[in-house]
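Student: The structure that follows is given in the form of structure tokens.
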Amino acid sequence: MLLPLADAIERFVTDGASVALEGFTHLIPFAAGHEIIRQRRRELHLIRMTPDIIYDQMIGMGCARKLTFSWGGNPGVGSLHRLRDAVEHQWPRPLELDEHSHAGMAAAFCAGAARLPFGALRGYLGTDLPAHNPNIRRVACPFTGEMLAAVPALNPDVTILHAQRADRAGNVAIHGIVGAAREAALAAKTLIVTVEEIVDTLPPAMNAIMLPHWVVSAVVECRGGAYPSYAQGCYARDNAFYRQWDSLARERTDFLAWMDEHVLGNTDHHAFLTGLQQDVA
Amino acid sequence: MLLPLADAIERFVTDGASVALEGFTHLIPFAAGHEIIRQRRRELHLIRMTPDIIYDQMIGMGCARKLTFSWGGNPGVGSLHRLRDAVEHQWPRPLELDEHSHAGMAAAFCAGAARLPFGALRGYLGTDLPAHNPNIRRVACPFTGEMLAAVPALNPDVTILHAQRADRAGNVAIHGIVGAAREAALAAKTLIVTVEEIVDTLPPAMNAIMLPHWVVSAVVECRGGAYPSYAQGCYARDNAFYRQWDSLARERTDFLAWMDEHVLGNTDHHAFLTGLQQDVA
Amino acid sequence: MSTCTRDEWMTVAAARLLHDHSVCFVGIGLPSAACNLARLTHAPEIVLIYESGTIGTRPDVLPLSIGDSELAETAACVVTLPEIFSCYLQAGRVDIGFLGAAQIDRHGNLNSTVIGPYDAPQTRLPGAGGAPEIALHARQVFVMLKASRRSFVERLDFRTSAGYLDGHGARARSGAPGGGPRAVITDFGMLTPHPQSEELQLTALFADASVDEARAAVGWPLLVADRIDTIAPPSAHEHATLRALNTRTREAHARPVRIPL
Amino acid sequence: MSTCTRDEWMTVAAARLLHDHSVCFVGIGLPSAACNLARLTHAPEIVLIYESGTIGTRPDVLPLSIGDSELAETAACVVTLPEIFSCYLQAGRVDIGFLGAAQIDRHGNLNSTVIGPYDAPQTRLPGAGGAPEIALHARQVFVMLKASRRSFVERLDFRTSAGYLDGHGARARSGAPGGGPRAVITDFGMLTPHPQSEELQLTALFADASVDEARAAVGWPLLVADRIDTIAPPSAHEHATLRALNTRTREAHARPVRIPL
């Protein structure tokens, strides 16, 4: 249950797997993504509503065969250049797209969490997305006859989240913006959660967000595991780094050099963070 | 927005309306139900997963034409005798049943809250319920072809909840067991919430359960409004009263006498509670 | 042990079926007592879920209703009812579901809806509640029900929840994901489904009960296994723990509630 | 006021369209600035929702991303993303949605997906995000987009979100519940749909902009209303409030983040 990060990725994330690193702007599991890059996983089907920098890095490093997503940019900044390069120029390899809207992908995660085969929504009306994605269909209401949009359930082989804390039994407590992380977690066959800290006893959750221990496959203690994203109550989002990424990742060579130095060149997330701190200083 | 209970019922609960008083064991809006009885509403379509004593009273007093429900007993005690009398002997009037399982009714409330026309579930398999309820149908997954159960959305004309507190703007905070109350609230055309207290400012909710002011039609301050059910953090469930109800409601005459004295004989909930306290003393 | 009631014996027998760490969807009454007895004896890490959305609850006294405050206060977390039913039960995350009923048939199908015709009932019962989907999705179902010819019947008046349907694999062919009723704990002992026909057969008796008693209490010609196990009476520890739990519960439920004025 | 930029003027013009107490589904960038400016000036009780699930948020500085901690900390509550999209947006509980895009056509349809063919893109854009359903369900949509012949185009490369489709009531016939794009705020002024044809027409200009400037910036023959309103420049109060907000924001985003070691 409690594992080092390298062991958790080694054991649960296999080449070819469908993998969802979720967290909507908040609690993005960067450390786990970096470890997947270090272990040079290939042919992954990446799933994430908002690919963000971590998927830009994984795609640019050639980990991904396919991407299921609904918005692929650097929030408030602009493009994800590695994602664009993969789609526009097949570099470093072609990337198959399974493209949705947020509402559609949320419905797909909800269906996955409930183990229903599809989710229905009033959506995708008047857009060209269904013409390019056979995973967007229609279903008739058996009472009114109204046609609704339908998407197939998302059930990732592995979902990876970052959270503030877990207890030794593996119960995970999440605080703050949660996006579709809970649904992605409950939809997964295997759930890995990296946390800022492992505590003896979590405070009583009552109505707060908790993932109970028996839905969690592995808990990894990893301080700063969401950086440069953030963990509410622990550290802020490094908006300056998000801006800086735009130039760091624009050119292939700059990108590869940065990844070499900062991700491949460090054995773990602590070393990665220490290296960045030296850069800043 | 802030109204006395009698005014809120007078204005929003009309004869013939579909009305959901929700709250799963916890936070059952007894005071509001009693006010509906005092105002002698008729032909109501009552909706509630677990009818409980409050619906036993409303049905026995002739308020209801129809009942949508999934479990109609006195929890841990036995039958609801007035509900039984209505179904078995049409007393005081016939009661049409729209009967579901908990899972089916939960799906119907969720669909209502999302303003979808139906909800789907893997349910009702091997049961006789669909044979007696045309509101339980089937829908085919447009991806796998699997047949799922389907129920029509529940969108009550009025949902009434009880909660611990609201602020003066009408934001409502709920703490503890919530059942399908949030979905029933969001599914309603009109939402009335009685609360233990109205405060100047609610504490920041973050991930706690909140109903924002613009989904709430009326807030009513009504201390003890859930009694003999309970309000987490305020007062406990009166299990002794629930046991006692079994004998109070078994015979029509005893029931009518009790309702006359305690509900019709009091002008409001405060007087009702005061009267019960005198009985106890 | 001579003072042990059949209710207590049933409770203890059911508790013994529960493994530590298993995830149980608990109903009110005997199942709630059995699950908490297991938690207080051999299964301290058992996960108890009540349909009110309380997950991992560890009540000190038994709740009267499915949603007493005790359940919320001692829970690891409280989720909505739609979430409990869709993301936990329907998603296959429940190991064991407990069900009671007014009637059971030889294939473990249950009636908790009505005695007599649905549209002209002789006795209207509370209805389905969570039962149809617990019966469908829990990996195993345990039924707790006292036996009589009115409750163990040749033919149900209404089928609320699926057991093995008509037996001989009919349940699996229907697409029901869960394993169905693996044990019926009653007040003479235990019935379990025959491996082929899925008809309930007598496989265990309380130490002081007999096959004749069982046959007399069942409304169909009861199948009796070749070998009948004996269910040992409650141990001193089991018995004391259960009695203490029931005493605490009685005291708590009798405690006057302050009327909130 | 001579120092006011067109970005600021657009922001102020959009802010003025917002009524107090209205419920806005806010996007990042100019819409976020406009909504918060409205909140800090004439609409203190406006309800701002960001798609990260933050409801009733009152940030002191503008967020860079749609889910900065500032939004959660100042929100009335934070719900899940599925809940925001299904129980608020889809349920018709949003008065005003803001959208941007890379391309807009004369009927207010938007492209934020791709320039060039979908399967062989010239420029891959971020994609739909919340836009298709915001466009569908919000009672009114306001579009904020700087004009050029590359962005205001005769024909979209990809239709991500529906405006009025082909106009003349096509949107309403499609079953779209929301009212569609009621205003396009751009850097010369504002376009609004013609009541019959639903083609966007020039109905308002910034005080220092001209019809010729507008025509030059639009890639289709621009319809010009008989009467053109003038959009007054930002008042001293509006201007000062916006500049202070932007200054606070710049300072906050430049503040170094402690790397969590």
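Student: Remind me, relative contact order of chain A in percent, using alpha carbon pairs under 8 angstrom and six or more residues apart?
Tutor: Numbers: 611 pairs, mean separation 61.2, N = 281.
It rounds to 22 percent for chain A.
Student: Same structure, new question: Using a Gaussian network model of chain A whose springs link C-alpha atoms within less than 10 Å, name the residue from A:Ala271, A:Ala226, A:Ala187 with the highest mean-square fluctuation.
Tutor: Largest GNM mean-square fluctuation: A:Ala271.
Student: Grab the other residues whose beta carbon is less than 11 angstrom from that of B:Gly76, score K and R as +1, D and E as -1, and report the net.
Tutor: 0
Student: What number comes out for the charge environment of A:Val280, summing +1 per Lys or Arg and -1 per Asp or Glu over other residues with Cβ under 15 Å away?
Tutor: Local net charge: 0.
Student: Something else about it: For B:His100, enumerate residues with amide H under 5 Å from its amide H, sequence gap 5+ or separate chain, H modeled in the peptide plane.
Tutor: Residues meeting the amide H criterion: B:Phe69, B:Ser70.
Student: Now, a different point. Tell me which residues come under 5 Å, amide H to amide H, from A:Thr190 once H is placed; ignore anything under 5 positions away on its chain.
Tutor: Close amide H contacts, sequence-distant or interchain: A:Val158, A:Thr159.
Student: Before rounding to the nearest 500, sum -39500 (n - 2.57) across all DSSP H runs of length at least 4 in the protein assembly as shown and divide by the residue total; then give [θ] at 222 nm in deg cm²/dmol.
Tutor: On the way: 34 runs with 305 residues, N = 1084.
So the calculated ellipticity at 222 nm is -8000 deg cm²/dmol.
Student: Quantify how much of the Cα-Cα distance distribution of chain B extends past 28 Å, in percent.
Tutor: Result: 34 percent of Cα pairs exceed 28 Å.
Student: Please report how far the C-alpha centroid of region B:217-235 lies from that of region C:53-118, rounded to the nearest whole angstrom.
Tutor: 25
Student: Place a +1 charge on the Cβ of each Lys and Arg in region D:86-166 and a -1 charge on the Cβ of each Asp and Glu, then give the dipole magnitude about the Cα centre in debye, rounded to the nearest 20.
Tutor: Numbers: 9 positive and 7 negative charges, 45 e Å.
For region D:86-166, the charge dipole is close to 220 debye.
Student: Shifting gears a bit: Send over the Kirkwood Rh of region A:1-99, from the inverse of the averaged 1/r over different Cα pairs, rounded to one decimal Å.
Tutor: Kirkwood hydrodynamic radius for region A:1-99: 13.4 Å.
Student: Run the simple label-point estimate for C:Leu17 and B:Glu221 please: 7 Å along Cα→C-beta, distance reported in nm.
Tutor: Distance between label points: 5.3 nm.
Student: Order of D:Cys35, A:Cys234 from fewest to most other C-beta atoms within 10 Å?
Tutor: A:Cys234, D:Cys35
Student: Just from the alpha-carbon atoms, what are the Rg and Dmax of the protein assembly as shown in angstroms?
Tutor: Spelled out, the Cα radius of gyration and Dmax of the protein assembly as shown are 30.5, 102 Å.
Student: From the phi angles alone, apply the Karplus equation (6.51, -1.76, 1.60; θ = phi - 60°) to region B:229-235 and give each ³J(HN,Hα) in whole Hz, x where the residue is Gly or Pro.
Tutor: Each residue of region B:229-235 in turn: 5, 9, 10, 3, x, 10, 7 Hz.
Student: Using a Gaussian network model of chain C with C-alpha springs under 10 Å, which one of C:Glu251, C:Glu83, C:Glu154 is most mobile by mean-square fluctuation?
Tutor: C:Glu251
Student: When each copy gets a label point 7 Å from Cα toward the beta-carbon at A:Asp200, what are the spacings between them in nm, shortest first?
Tutor: When each copy's label point is compared with this one, the spacings are 4.0 nm.
Student: How long, wide and thick is region A:204-275, going by the Cα atoms along their three principal axes, in whole angstroms, largest first?
Tutor: Ordered largest first, region A:204-275 gives principal extents of 49, 25, 20 Å.
Student: A further question on this structure: Note down the relative contact order for region C:6-251 as a percent, whole number, built from C-alpha pairs under 8 angstrom at least six residues apart.
Tutor: Working: 536 pairs, mean separation 45.6, N = 246.
For region C:6-251, the relative contact order is 19 percent.
Student: With just the Cα atoms defining each centre, how far is region C:1-46 from region A:17-80? Give it in Å.
Tutor: Comparing the Cα centres of region C:1-46 and region A:17-80, I get a distance of 47 Å.
Student: Cβ under 10 Å from B:Arg237's Cβ, B:Arg237 left aside: what net charge do those residues give with Lys, Arg +1 and Asp, Glu -1? Provide the component values of the computation, followed by the final result.
Tutor: On the way: positive: none; negative: B:Asp238, C:Asp68, C:Glu70.
It works out to a net charge of -3.
Student: Can you tell me, using C-alpha contacts under 8 Å and at least 6 residues apart, the relative contact order of region C:32-94 as a whole percent?
Tutor: Computed over region C:32-94, the figure is 27 percent.
Student: Sticking with this one: Straight-line reach only, C-alpha to C-alpha below 30 angstrom: list the lysines that A:Lys66 could link to, leaving out same-chain residues fewer than 8 apart.
Tutor: A:Lys66 reaches A:Lys189.
Student: Here is a further query. For region A:97-228, state the semi-axes of the equivalent ellipsoid (square roots of 5 times the eigenvalues of the alpha-carbon gyration tensor), sorted largest first and rounded to whole angstrom. Please report the intermediate quantities before stating the final value.
Tutor: Working: eigenvalues 229, 45, 30 Å².
Calculated on Cα positions only, the semi-axes equal 34, 15, 12 Å.
Student: With θ taken as phi - 60° and the coefficients 6.51, -1.76 and 1.60, list the Karplus ³J(HN,Hα) couplings across region A:219-225 in order, rounded to whole Hz; mark glycine and proline as x.
Tutor: For region A:219-225, the Karplus curve yields 10, 10, 7, 7, 5, x, x Hz.
Student: Any idea what diffusion coefficient region D:167-261 gets from Stokes-Einstein, in µm²/s, Kirkwood Rh on alpha carbon pairs, 37 °C, 0.692 mPa s?
Tutor: 198
Student: Given 5 Å bins starting at zero, what is the percent of C-alpha pairs of chain C in each, up to the one with the largest pair distance?
Tutor: 1, 6, 13, 17, 19, 17, 14, 8, 3, 1, 0, 0, 0
Student: Continuing with this model, one more query. What residue among A:Pro156, A:Pro228, A:Pro204 shows peak mean-square fluctuation when chain A is described by a Gaussian network model with Cα springs under 10 Å?
Tutor: Fluctuation is largest for A:Pro204.
Student: Using the Cα atoms as the points, what is the convex hull volume per residue of region B:139-197 in Å³?
Tutor: Roughly 121 Å³ of hull volume per residue.
Student: Can you compute the equivalent ellipsoid semi-axes for region C:1-111, i.e. the square root of 5 times each eigenvalue of the Cα gyration tensor, sorted largest first and rounded to whole Å?
Tutor: Its equivalent ellipsoid spans semi-axes of 22, 18, 13 Å.
Readers should treat all values here as calculations from the given coordinates under stated rules, not as data from a laboratory. Because the structure is predicted, anything quoted here is derived from the model rather than measured. Because the Cβ atoms are built from the backbone with ideal geometry, glycine has one as well, and the counts that use them run over all protein chains shown.
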